[in-house]
Amino acid sequence: MSRIEGVMKAMKDQGRKALIPYITAGDPHPDQSVGLMHTLVKAGADIIELGVPFSDPMADGPVIQLACERALVHGTTLRQVIAMVKEFRKTDDVTPIVLMGYLNPMEAMGYEAFADAAADAGVDGVLTVDLPHEEADVVAPLFAARNLDPIFLMAPTTTDERIKAISEHSSGYVYYVSIKGVTGSATINVDEVAQKVAHIRDIMALPVGVGFGIRDADTAAAISRVSDGVIVGSVLVDTIARHQADPDALNKALTDLLHPMRVAMDSPAS
Amino acid sequence: MSVKLTEEMLKALPDARGHFGAFGGRFVSETLIDSLMTLEREYLRLKDDAEFQATFDKDLADYVGRPSPLYFAERLTKKAGGAQIWLKREDLNHTGAHKVNNTIGQALLASFLGKKRIIAETGAGQHGVATATVCARLGLECHVFMGAEDVKRQSLNVYRMKLLGATVHSVQSGTKTLKDAMNDAMRDWVANVDDTFYIIGTVAGPHPYPLLVRDFQSVIGRETRRQALEQAGKLPDALVACVGGGSNAIGMFHPFLADETVELYGVEAGGLGIETGQHAAPLCAGRPGVLHGNRTYLMEDENGQIAATHSVSAGLDYPGVGPEHSWLKDIGRAHYVSVTDDEALDGFRMLTQIEGIMPALETAHAVAYAVKLAATMDKDKMIVINISGRGDKDIHTIAQLDGIEI
């Protein structure tokens, strides 16, 4: 069982839902990323999605675009991001790490070299935003041989036929993109999400994490009741941007944002 | 090492996944996949639909003004001192460039799909103008994304688009040029995927765009082939076209791919010189990667981050290129070369002064290379340059280089 499957199963057994924060590696500075990852775990994260910065993040809104720019100004590379995971693993070998990004940095590194390094560092899953399963025939066997879970997106526009096909290429969990739009762009409609997630679950059995548009504890709690995991990104990245000059204030601000989500998600529905 | 291409082989490309050999494909986030699959299905149906094709052909004739002439440039030929140089006059199309061939076709597709809102990216503004034009004609809402840097250097086209009723979005992210305009157009599309049709301006992007843009632009090569046979009694020996994303070049080349004797030359923007790194020549100096929905030659750093490009011409200032060009390069069917900003400017002045035809700065790259090429060829040989656009939009840039305020 992969680390992600293990966490998802344990959460399910406890009747709880996974809290999955996203931050961009290297933002605001590569030296701070490992510390921020530990902060997220202390604040209640079950899985971390660690963004690999890319110069042209087409599926992201301005908040994550700017995070990529901050990380790239300091020369953050995919190899360094993998090294951050290795460093993180020295003191945390339970929290699953999913690398999330775009295909080109991985292609430039070489798929086999990437898969080797990621597995060696303790990466658990890989979500490549611009790699639909139809184009994943090269990476899929490399990931499978190293127990890296391929995480794919599903969207409001995903047809039943594709839900089935995507689930057959996925392991760990699937990431349901709750809105038509880029990251950080719109507010989530809980009822619509509930309906679609229920529909997805009728078709496939993997856990469903829901992301895009979740900014506060109430929404996190509401989404957690209709899914298996709550993915929170832009609001955290925005917090990082606002406190980039003051690491202590940043740690506190991230905790103040994430911990109430954890508490709300673990509280019985009122 | 060039392979002989047959009509049969060419019909099979791109394959069902949109691949041209190792290039092309559909690398986009999940939200867009369904729209792209619908577009592919509908296009494959309409491409053989008599009514659709008749409407397209009629629009090209009556609205665009096709066929565009094939003109023998006698004085330019004499100046170059070698092969005969002929010009395919895409600059005489309505809106002043080849871009309109494609926007007519895609707007027609949008109408068949019932989409009322159109978005487009633009570099030099020619595709933006061509899109705004067809939207005005069909009463469609039009949004054009343009890098802030390009908004500055192509202000005339920005104003043209506004006059035509389009909203121009100045893109402030990244390098503020064509690639960033394309990023933002894709972001808009994801958010408005239900009612919006994205008219991509070049033969890049996710499948089926490289296919359908190539098909719409192939009218250039088909006409050239027929006109060359009628006017010169033979096929050309060489075709020369500038390559940014590569739509005018593919439109010119594609109908000749199976004609072994016709050499194909794509001219990329050499900027300040390939050796300086300040250029926009992915086929000459880049390597394969994935950007904007397709695998193709890219300008990138060793870590896979897309590199900033430079060209005096906004329309060529793009780090990628259409995947079919990448394939043509790798199989050796087409030659890809580059000329510098300075050479292109010389080409601009030469064509303006000895033929009275003012080319776009993009096109001037093809002119500059063709003149060099002609000099190496015998006088009984024939070169056709695709004069992809006219140069009015670049007069400010030229004047500025001359230190003149207008």
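The values are calculated or read from the model by the stated rules, or taken from the named source; none is laboratory data. Since we're looking at a predicted model, the values are computed, not measured. Here the Cβ positions follow ideal geometry from the backbone for every residue, glycine too, while neighbour counts run over all protein chains shown.
Points to keep in mind about this one:
- The residues on offer are B:D91, B:D48, and the sole one that is among the acidic types (D, E), more than 22 Å from B:A204 (Cβ to Cβ), outside any helix (DSSP H, G or I) and away from chain A (no Cβ under 14 Å) is B:D48.
- Residue pairs meeting the criteria (Cβ under 6 Å; at least 6 apart or on separate chains; first assigned to a loop (DSSP other than H, G, I, E, B), in region B:305-332; second acidic (D, E) and at pLDDT 95 or above): B:A307/B:E300; B:A307/B:D301; B:V312/B:D341; B:S313/B:E362
- Selection count, region B:216-235, where residues are buried (at least 20 other Cβ atoms within 10 Å of the Cβ) and either in the same structural domain as B:A124 (by TED's automatic domain parsing) or under 23 Å from B:G24 (Cβ atoms) (or both): 5
- B:V371 being of a type outside the set (D, E) and under 17 Å from the mean Cα position of the chain (by Cα): no
- Filtered residues of region A:35-70 (kept if in contact with a Cys (Cβ under 8 Å, 6 or more places away or on another chain) and of a type in the set (A, V, I, L, M)): none
Residues are listed down the side, and each one gets a yes or a no for (1) within 17 Å of B:D215 (Cα to Cα); (2) part of a strand (DSSP E or B):
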{"position": "B:P255", "(1), (2)": "yes, no"}
{"position": "B:G271", "(1), (2)": "no, no"}
{"position": "B:E275", "(1), (2)": "no, no"}
{"position": "B:G289", "(1), (2)": "no, yes"}
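- Meets criteria (surrounded by 23 or more Cβ atoms within 10 Å (Cβ to Cβ), modelled with pLDDT under 95, under 29 Å from A:F143 (Cβ atoms) and not β-branched (V, I, T)) for A:G213: yes
- Test for B:H365: is it within 15 Å of B:V203 (Cβ to Cβ), more than 14 Å from chain A (Cβ to nearest Cβ) and assigned to a helix (DSSP H, G or I): no
- Within region A:225-249, considering residues that are surrounded by 23 or more Cβ atoms within 10 Å (Cβ to Cβ) and of a type in the set (G, A, S), the one nearest to A:G172 (Cα to Cα): A:G229
- For A:T159: the one exception among (1) surrounded by 19 or more Cβ atoms within 10 Å (Cβ to Cβ); (2) of a type in the set (S, T, N, Q); (3) within 11 Å of chain B (Cβ to nearest Cβ): (1)
- Positions within region B:6-43 being in a helix (DSSP H, G or I), under 22 Å from the mean Cα position of the chain (by Cα) and in the same structural domain as B:I199 (by TED's automatic domain parsing), in sequence order: B:L36, B:L39, B:E40, B:Y43
- Subset of region B:164-194 [within 11 Å of chain A (Cβ to nearest Cβ) and in a loop (DSSP other than H, G, I, E, B)]: B:Q172, B:S173, B:G174, B:T175, B:N192, B:V193, B:D194
- Within the option set A:S234, A:S167, A:S227, being under 19 Å from the mean Cα position of the chain (by Cα), away from chain B (no Cβ under 14 Å) and not hydrophobic (A, V, I, L, M, F, W, C) holds for one residue only, A:S227.
- Checking each residue in region A:60-81 for being within 26 Å of A:V7 (Cβ to Cβ) and touching a Phe, Trp or Tyr at 6+ places or on another chain (Cβ under 8 Å) picks out only A:L78.
- Annotation: of all residues in region A:106-125 being surrounded by 24 or more Cβ atoms within 10 Å (Cβ to Cβ) and under 13 Å from A:L50 (Cβ atoms), the one that is farthest from the other protein chains (Cβ to nearest Cβ) is A:D124.
- Single match in B:D195, B:D184, B:D188 (criterion: assigned by TED's automatic domain parsing to the domain that holds B:Y159 and touching a Lys or Arg at 6+ places or on another chain (Cβ under 9 Å)): B:D195
- For region B:293-303, a tally of residues being closer than 19 Å to B:L178 by Cβ and facing chain A (nearest Cβ under 7 Å) returns 1.
- Scope region B:242-290; condition touching a Pro at 6+ places or on another chain (Cβ under 8 Å) and within 14 Å of chain A (Cβ to nearest Cβ); matching residues: B:P282, B:G286
- Scanning region A:43-74 for residues that are in a helix (DSSP H, G or I) and either touching a Leu at 6+ places or on another chain (Cβ under 6 Å) or under 15 Å from A:D130 (Cα atoms) (or both) yields a count of 0.
- Filter pass, B:T95 being β-branched (V, I, T) and at positive phi: yes
- Residue in region B:24-38 that is farther than 24 Å from B:V193 by Cβ and not charged (D, E, K, R) present: no
- Residue that is modelled with the highest pLDDT [pool: residues in region B:149-207 that are at positive phi and surrounded by 20 or more Cβ atoms within 10 Å (Cβ to Cβ)]: B:G205
- Top-ranked residue of region B:9-41 - restricted to ones that are surrounded by fewer than 16 Cβ atoms within 10 Å (Cβ to Cβ) and of a type in the set (D, E, K, R), ranked as nearest to the other protein chains (Cβ to nearest Cβ): B:R17
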